[in-house]
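Structure first, then comments.
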Amino acid sequence: MDVTIETLTGDITKVTVDAIVNAANSSLMGGGGVDGAIHRAGGPTILEECRNIRRDRYPDGLPTGEAIATTAGNLPAQWVIHTVGPIWRGGKNDEDDLLYAAYTNSYRCAAELGAKSIAYPAISTGVYGFPKERAASIVWRFVREVAEPGPLERVILVFFSAPDRMLFLSCKNR
Ligand code: AR6
């Protein structure tokens with residue numbers, strides 16, 4: 001099977017794919033950054049489903065590194081996969097493994113739903129402060145170990161700015 005790995009610059013809420021990944025926080029109750037943009041563009045049904053998930057499955061919040069799906073409301077996608085990336089605390093608190101887990105668990109969640117395409121934002125590299133180059137090398141590892149083997153056919157890595165995308169691409173062989 002042919003798997004396409006793409007990168008693009010722009011707003012992830014505009015990307016037409018089966019599943020969009022949200023860089024959420026444990027509360028699943030929304031926030032700023034890409035989380036805020038997804039809830040604004042997707043409308044209130046996403047938050048309503050997140051409330052039900054909290055009540056029924058994760059009363060203490062979604063643990064860091066895990067992922068859970070809702071429908072996507074008004075977004076041009078079928079599902080939003082909510083994941084929680086690690087907050088950067090200097091690099092010796094499992095941040096690398098937790099970021100890798102956020103990518104891979106989101107991927108598995110999408111695969112279980114039958115999605116063929118998935119779009120990711122640069123998880124943890126905004127408010128959560130994960131250094132962008134270090135995050136890039138983890139995402140490239142995810143690409144090699146999980147995304148390229150499949151089963152999803154298209155994986156799109158979305159960057160909010162052109163320099164962020166260029167930085168990511170420049171980290172490919174590190
Ligand atoms: N499309 C694509 N990328 C975006 C968009 C967008 N519409 N908006 C921002 N980015 P962040 P985090 C980029 O802060 O670091 C929230 O409040 C942004 O430039 O959204 O995982 C949550 O509720 C950056 O490169 O997520 C959590 O509390 C990347 O997305 C917390 O922030 C991630 O930045 C999560 O922090």
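Taking the range 106-142 as the region of interest, how many residues are more than 11 Å from the ligand (Cβ to nearest atom), among the polar types (S, T, N, Q) and either in contact with a helix residue (DSSP H, G or I) (Cβ under 6 Å, 6 or more places away or on another chain) or in a helix (DSSP H, G or I) (or both)? Total satisfying the criteria: 2.
Thr71 meets all of the listed conditions (1) farther than 21 Å from Glu148 by Cβ; (2) surrounded by 15 or more Cβ atoms within 10 Å (Cβ to Cβ); (3) under 16 Å from the mean Cα position of the chain (by Cα); (4) free of Cβ contacts under 8 Å to residues at least 40 places away in the same chain but one, namely (2). Sub-6 Å Cβ pairs linking a first residue in the range 110-134 that is aliphatic (A, V, I, L, M) to a second residue that is near the ligand (Cβ under 6 Å from one of its atoms) and assigned to a helix (DSSP H, G or I), at least 6 apart or interchain, are Ala119/Ile12; Val127/Gly33, ordered by first then second residue. Only a single item in (1) part of a loop (DSSP other than H, G, I, E, B); (2) within 14 Å of the ligand (Cβ to nearest atom) is not met by Gly150, and it is number (2). Check the range 76-83 and report whether any residue there is open to solvent by 40 Å² or more (accessible area, probe 1.4 Å) and within 15 Å of the ligand (Cβ to nearest atom). The answer is yes, given that some residue of the range 76-83 is open to solvent by 40 Å² or more (accessible area, probe 1.4 Å) and within 15 Å of the ligand (Cβ to nearest atom). Cβ-Cβ below 7 Å, separation at least six or inter-chain, first residue in the range 1-21 and within 17 Å of Glu148 (Cβ to Cβ), second assigned to a helix (DSSP H, G or I) and open to solvent by 40 Å² or more (accessible area, probe 1.4 Å): which pairs? Close Cβ pairs satisfying both conditions: Thr7/Arg165; Thr7/Leu169.
Filter the range 1-30 down to residues that are assigned to a loop (DSSP other than H, G, I, E, B) and surrounded by 16 or more Cβ atoms within 10 Å (Cβ to Cβ) and give me whichever is nearest to the ligand (Cβ to nearest atom). Reasoning before the result, please.
Quick first cut of the range 1-30, residues assigned to a loop (DSSP other than H, G, I, E, B) only: 1-3, 10-11, 15-18, 25-30.
After this cut, where a residue has to be surrounded by 16 or more Cβ atoms within 10 Å (Cβ to Cβ) as well, the list is 15, 17-18, 25, 28, 30.
Numbers: Val15: 8, Val17: 13, Asp18: 17, Asn25: 3, Leu28: 9, Gly30: 6 Å.
Checking each candidate, the answer is Asn25.
The values are calculated or read from the model by the stated rules, or taken from the named source; none is laboratory data. Remember, it's a predicted structure, so these values are computed and weren't measured experimentally. When we count neighbours, we look across all protein chains shown, and the Cβ atoms used for this are built from the backbone with ideal geometry, even at glycine. Protein only, heavy atoms only, side chains kept; ligands, DNA and RNA dropped before computing areas. Shrake-Rupley method; radii C 1.70, N 1.55, O 1.52, S 1.80 Å.
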